[in-house]
1. Just to be sure I understand, if you calculate Cα extents along the principal axes in Å for this structure, which of (i) 43, 31, 25; (ii) 92, 41, 17; (iii) 45, 32, 29 do you get?
2. Leaving out ligands, DNA and RNA, what percent of the accessible area of segment 16-98 is carbon and sulfur, probe 1.4 Å?
3. In terms of Cα to Cα distance under 19 Å, which aspartates and glutamates are near enough to K27, apart from those fewer than 8 places away along the same chain?
4. Just subtract the alpha-carbon distance of D33 and E50 from 0.36 nm times their residue separation and send over the number in nm, one decimal.
5. Can you spot the lysines whose alpha carbon is less than 20 Å from K73's alpha carbon? Ignore those fewer than 8 places along the same chain.
6. Whole number in Å², please: accessible area per residue of the chain, 1.4 Å probe, ligands, DNA and RNA not counted.
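The values are calculated or read from the model by the stated rules, or taken from the named source; none is laboratory data. Predicted model only: the values in this text are computed from it and were never measured. The area values use the complete protein model at the heavy-atom level, side chains included, leaving out ligands, DNA and RNA. Shrake-Rupley method; radii C 1.70, N 1.55, O 1.52, S 1.80 Å.
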Amino acid sequence: MFVHLGGDVVVCTKDIIAILDIESTLKSKHSKDFLNICEEEGFVNRVTDEEPRSFVVMEKIEGKPYKGRAIRKVVVYYSPISALTLQKRAKFITHGKV
């Protein structure tokens, strides 16, 4: 299944690690540090120029597996869509229950 994150970005749900609300997670020093490191390392993609309301942490497999092991890369997408809406789209939440 796929989830539309906004703009022209669609991702596969099996690659999603977390869908988080920007405002509440940035209250934590560790979350801020994580996002700053991801930004410095070039792992962050902005879906649109709009103010982000959520971010999606994903693990993508790149290239061909080496000695039976896939090359994995963390990617963070900033989305203008709320985390709750994205979670519902991904069917992580059904009928109002987590």
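1. Answer by label: (i).
2. Summing carbon and sulfur atoms, their accessible area is 50 percent of the total for segment 16-98.
3. Reachable aspartates and glutamates: E39, E51.
4. 3.9 nm
5. K14, K32, K60, K64
6. I get 70 Å² per residue for this part.
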